[in-house]
Amino acid sequence: MRELAGRLDLCAINTATLGHREAIGTVVEAVARRGFGGIAPWRRDLEGQDVAAVARRIRDAGLTVTGYCRSSAFPAATPEAARAAVEDNRRALRDAATLGARCFVLVAGGLPPGSRDLAAARRQLQDGVGALLEEARQLGVTLALEPLHPVYAAERSCLCTLGEALDLCDTLDPEAQGGLGIAADVYHLWWDAALPRELQRAARHCRIAAFHVCDWLVPTRDVLLDRGMMGDGVIDIPGIRAAVEAAGYDGLVEVEIFSAGNWWQRATDETLSVCAERLVRVC
Ligand code: ZN
């Protein structure tokens, strides 16, 4: 496993960690000033902005773009709405390419309103991702399927485990031609008894396109917006990172913390300093 001490250039900040409170330019400068090597912006950070200009600003600051967050939901109530979702995601994929992002993070989406058909949602996900794959390959941006913890299955992600995500990769990209992989987020995967085996499976085709860290607090007051800082919860982050890197992942370690009641209340520089210290000490 890589040593992170003195190597903040191997670490990145997902802008969600800072609560989307400041303009993207300000966040880029703060992340670069603190010595991080990368940043993962969200689409909401770029609303109304010239994406090429933001890309230049990130490059000029010396940061790489570890990922672009994130797709809108693929499952939809009608075929027309499903096609519209694919086209919306296609536009975001092109922005990811403009940013020079290593991957475009795909969050599957849950059940459409009124539906109880999880299998249909998963079929729509497969069709939608399949429709984007060729363009992703041409643009050189990996579509990174991010399985979310099963507690989100209804509202956010019909893709719940690393095993399911790798199955989808194998179905759509059986020859491992590139353009498709997974985003491994410790918050979503830590509980899964199959995780070591599935990470070994991911190694065969170098499927890991992103690695996200935070922690699972006990108790967790809100499964969406009460993620913990690394070291404050129960996830064996070094154990998972060791397995992720043994599976061939050589990208950056990205901090992604949604924390309405704690970290989003703090000053940007304070949060970044604590992230830097914890990455070295407990990750
Ligand atoms: Zn994540």
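Calculated on C-alpha atoms, the gyration radius of the range 76-177 divided by its Kirkwood radius gives an Rg/Rh of 0.95.
As an exercise, identify the trypsin sites (Lys or Arg not before Pro) in the range 196-232 lying in DSSP coil whose Cβ has no more than 10 other Cβ atoms within 10 Å.
Details: sites: R197, R201, R204, R207, R221, R227; in loops: R207, R221, R227.
Hits after loop and neighbour filter: R221.
Taking a Cβ cut-off of under 12 Å around I58, the surrounding Lys, Arg, Asp and Glu residues balance to a net charge of 0, with basic ones at +1 and acidic ones at -1.
Entry note, the range 133-283: relative contact order of 20 percent, from Cα contacts under 8 Å with a spacing of 6+ residues.
Annotation: amide H-H contacts under 5 Å for A210 (H modelled 1.01 Å from N, sequence separation of 5 or more, or interchain): I182, A184.
Only beta bridges with both residues in the chain are counted; by DSSP, about 5 percent of them are antiparallel.
Calculation over all alpha carbon pairs of the range 174-233 in 5 angstrom steps from 0 returns a P(r) of 4, 16, 23, 20, 15, 12, 7, 4, 1 percent. Taking other C-beta atoms within 10 angstrom as a stand-in for reagent exposure, C283, C158 fall in the order C283, C158, fewest first. Close amide H partners of V255, meaning residues 5 or more places away or on another chain with modelled amide H under 5 Å apart, are A12, I13, N14, V213.
Residue by residue, the range 14-25 carries 3J(HN,Hα) couplings of 7, 5, 4, 4, 9, x, 6, 9, 10, 4, 4, x Hz when phi is fed to the Karplus relation 6.51 cos²θ - 1.76 cosθ + 1.60 (θ = phi - 60°); x denotes Gly or Pro. Karplus-based coupling profile of the range 274-283, in residue order and whole Hz: 5, 4, 4, 5, 6, 4, 6, 8, 10, 9, with θ = phi - 60° in 6.51 cos²θ - 1.76 cosθ + 1.60 and x standing for Gly or Pro.
Rounded, prolate or oblate: which fits the chain, taking a ≥ b ≥ c as square roots of the Cα gyration tensor eigenvalues, rounded meaning a/c under 1.5, else prolate when a/b beats b/c? If you can, show how the numbers build up before the last one.
On the way: a/c = 1.40, a/b = 1.24, b/c = 1.13.
Here the chain falls in the rounded category.
Phi-derived couplings, Karplus 6.51 cos²θ - 1.76 cosθ + 1.60 at θ = phi - 60°, listed residue by residue for the range 153-158: 4, 5, 9, 10, 7, 7 Hz, with x used for Gly and Pro.
Positive contributions from Lys and Arg (+1) and negative ones from Asp and Glu (-1), summed over other residues with Cβ under 9 Å from the Cβ of G163, come out at -2. Once the mean of 1/r is taken over each pair of separate Cα atoms and inverted, the range 60-106 shows a Kirkwood hydrodynamic radius of 11.5 Å.
Computed from the coordinates by the stated procedures, all read-outs in this text should not be read as laboratory data. Given the structure is predicted, the values throughout are model-derived calculations rather than measurements. Every residue, glycine among them, receives a Cβ derived from its backbone with ideal geometry; neighbour counts consider all protein chains shown.
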